[in-house]
1. Kindly indicate the residue of region 21-80 that is among the aliphatic types (A, V, I, L, M) and part of a loop (DSSP other than H, G, I, E, B) and also nearest to residue 154 (Cα to Cα) among those meeting that condition.
2. Could you tell me which numbered condition residue 123 fails, if it satisfies all but one of (1) loosely packed, with under 15 Cβ neighbours inside 10 Å; (2) modelled with pLDDT of 95 or more?
3. Among all residue pairs at least 6 apart or on different chains, which show Cβ distances below 9 Å where the first residue, located in region 267-282, is modelled with pLDDT under 95 and the second is open to solvent by 100 Å² or more (accessible area, probe 1.4 Å)?
4. So residue 189 fits all but one of (1) in contact with a helix residue (DSSP H, G or I) (Cβ under 8 Å, 6 or more places away or on another chain); (2) under 23 Å from residue 32 (Cα atoms); (3) open to solvent by less than 60 Å² (accessible area, probe 1.4 Å); what number is the exception?
5. Of a type in the set (Ser, Thr, Tyr), touching a Ser or Thr at 6+ places or on another chain (Cβ under 8 Å) and surrounded by fewer than 24 Cβ atoms within 10 Å (Cβ to Cβ): which single residue out of 104, 83 fits that description?
6. Can you run down the residue pairs with Cβ atoms below 6 Å, 6 or more apart or on separate chains, where the first is in region 155-172 and under 15 Å from residue 136 (Cα atoms) and the partner is open to solvent by 30 Å² or more (accessible area, probe 1.4 Å)?
7. Tally up the residues in region 241-258 that are small (Gly, Ala, Ser), at pLDDT 95 or above and in a loop (DSSP other than H, G, I, E, B), please.
8. Suppose we filter 24, 56 for residues that are exposed (fewer than 13 other Cβ atoms within 10 Å of the Cβ) and modelled with pLDDT of 85 or more; which single one remains?
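The values are calculated or read from the model by the stated rules, or taken from the named source; none is laboratory data. Since this is a predicted model, take the numbers as computed values, not measurements. Cβ placement follows ideal geometry from the backbone for every residue including glycine, while neighbour counts extend to all protein chains displayed. The protein model used for the area step is the full one, side chains on, heavy atoms only, and it has no ligands, DNA or RNA in it. Shrake-Rupley method; radii C 1.70, N 1.55, O 1.52, S 1.80 Å.
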Amino acid sequence: MSRLIALLCACLLALSAAAESYPKGPVRMLVPFPPGGGVDAAGRLLAQALTDSVGKPFVIENRGGANGNIGTEVAARATADGYTLLFTGAGFVTNRSLYKKAPYDPLKDFEPISLMALGPNILVVHPSLPVHTVQELIAAAKARPGEIGFAGSGSGSTPHLAGELFNHMAGVQLVHVPYRGSGPAMIGLLAGDAPVMFLPAINAGPHIAAGKLRALAVTSRERLAAFPDIPTVAESGLPGYESSQWYGLLAPVGTPREIGDFLTGQIMRIMRAPEMKARMTHDGLVAIGSTREEFAAHIRSELEKWARVIRASGASVD
């Protein structure tokens, strides 16, 4: 028995020492979407902040495809040593309801590290579409059922599901036009090929300011501090409408607790810094920086919420 206790103590000391020296080199942060989208933009912001804080590079690696399934599966199968992490968003939980067999289990295959921020979408239209309010968009969609397309960053993505929820609540038939990520979707939107999009707020601001896109409403429960003049969808004629993206960091299951706790502490400190909160507000985001337990509870809540939405809308991928 004494030998077993000694062995356990040695293992705990080894893990503690590993955490104290972590990271010794670059850390890979897998983003399961192409460059240019909301998840990618938020991930790069966090990666730079962690690099500055820890003194070792946190490097974004984009592995897009299948609404995040491809990159997420790569992360789930990675060595659980803290040197491969997953930075992702709401698609992490919706895929379980959209796919008959998702290649990962969001509750069993990952260790939650921290919920970085919440990111509502902004309902925007290309200037070529002659609508200026949510009610005008609804009227146009009813006059042209099945003709007006809305861009999405892949089937089952947050912009897609935000649009399906809008269709369901407004009784219209905007047609989803799927792209391989928010970046390609924005290209189609800005070209007018798909003139409507529920665009992540972190991507929308510059295009709205430049007049390239017209903002109709925000999808959050309350107006955003960064866009105080843009009403919510709920106050624009669809009471109860709410749909927000979220951004968070996870590690493969089995990652040493000490390493996970170290990363959580770093993110909590980073997200509570006044300059980061100001940056988040400017980008239309809400800074969080949660504990691991709070993030785990958020994931469970999101799984239940979007399962209900997906069943009600009839959305599916396969």
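1. Just the residues of region 21-80 that are among the aliphatic types (A, V, I, L, M), to begin with: 27, 29-31, 39, 41-42, 45-47, 49-50, 54, 59-60, 66, 70, 74-76, 78, 80.
Filter again for part of a loop (DSSP other than H, G, I, E, B), leaving 78, 80.
Working: 78: 24, 80: 29 Å.
Result: 78.
2. (1)
3. Filtered contacts from region 267-282: no entries.
4. (1)
5. Numbers: 83 fails: touching a Ser or Thr at 6+ places or on another chain (Cβ under 8 Å).
The match here is 104.
6. Going by the 6 Å Cβ cut-off, the qualifying pairs are 172/142.
7. If we filter region 241-258 for residues that are small (Gly, Ala, Ser), which is where we start, we get 243-244, 248, 251, 254.
Those still in the list that are at pLDDT 95 or above too: 248, 251, 254.
If we keep only those that are in a loop (DSSP other than H, G, I, E, B) too, we end up with 254.
Total satisfying the criteria: 1.
8. Within the list 24, 56, the selection yields 24.
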